[in-house]
Each structure stands twice: as C-alpha cells, then as structure tokens.
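Here is the structure we will look at.
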Amino acid sequence: MTASRYLGVGALILVLLISALAVIYSKYQSRLIFIEIQKQERALDQYEVEWGQLQLELTTLAEQNRVEQVAREQLKLVMPLREKIIYIKP
C-alpha cells in the first residue's frame with residue numbers, strides 16, 4: 001500500500017469514528033428529551049387532576065344551599081318574611 005492509500009483509509013476511519021460519536025451523542029440527547037417529555041406529561045396529569053378537584057370544589061361552593069348556609073351561619077343573615085319582600089318588575 002502506498003502512503004496515499006494509508007491516508008485515505010485513515011481519513012475514512014476518522015470519518016467513521018466521528019460519525020459513530022455523532023450517533024451516540026444524538027441518541028443520548030434524544031433520551032434526555034424523552035425523559036423530559038415524560039416528566040412534563042406526569043406534571044400535566046397532576047395538573048389535570050388538580051383542575052378536576054378545583055372544578056368540583058367550585059361547584060360545591062357555588063351551590064345555592066352552600067351559599068345560603070354560609071349566609072346564615074357565618075354572616076348571620078336571615079330570610080325576610082314573605083310579606084316584607086318587594087318584587088321589582090323590569
């Protein structure tokens with residue numbers, strides 16, 4: 001073999017090694033990204049559960065019975081007598 005052939009084979013091996021390292025690096029990066037995606041999906045699931053709980057709590061707190069109960073117990077409000085209620089027509 002001549003020197004130019006050794007140089008060509010050496011260059012080919014160098015390119016092959018660089019290519020292999022690039023594949024390894026890209027695989028490593030894709031695994032890191034995949035792990036981050038899984039973390040974000042778990043966080044999203046937790047937020048969805050929390051959102052559902054907050055919606056349920058909001059529904060419970062906004063119920064007419066709940067509002068009336070808080071008005072009576074905490075604010076000490078009482079319903080006026082029927083004859084004392086004045087209706088205004090629009």
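The values are calculated or read from the model by the stated rules, or taken from the named source; none is laboratory data. Just so it is clear, the model here is predicted, and its values are computed rather than measured. FYI the Cβ positions are ideal-geometry reconstructions off the backbone, even for glycines, and counts take in every protein chain you see. The protein model used for the area step is the full one, side chains on, heavy atoms only, and it has no ligands, DNA or RNA in it. Shrake-Rupley method; radii C 1.70, N 1.55, O 1.52, S 1.80 Å.
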Restricting attention to segment 36-65, which residues are more than 15 Å from the chain's Cα centre (by Cα) and hydroxyl-bearing (Ser, Thr, Tyr)? Thr59, Thr60
Cβ-Cβ under 8 Å pairs, at least 6 apart or on other chains, segment 70-83 side part of a helix (DSSP H, G or I), far side modelled with pLDDT of 85 or more and open to solvent by 100 Å² or more (accessible area, probe 1.4 Å): Arg72/Val78
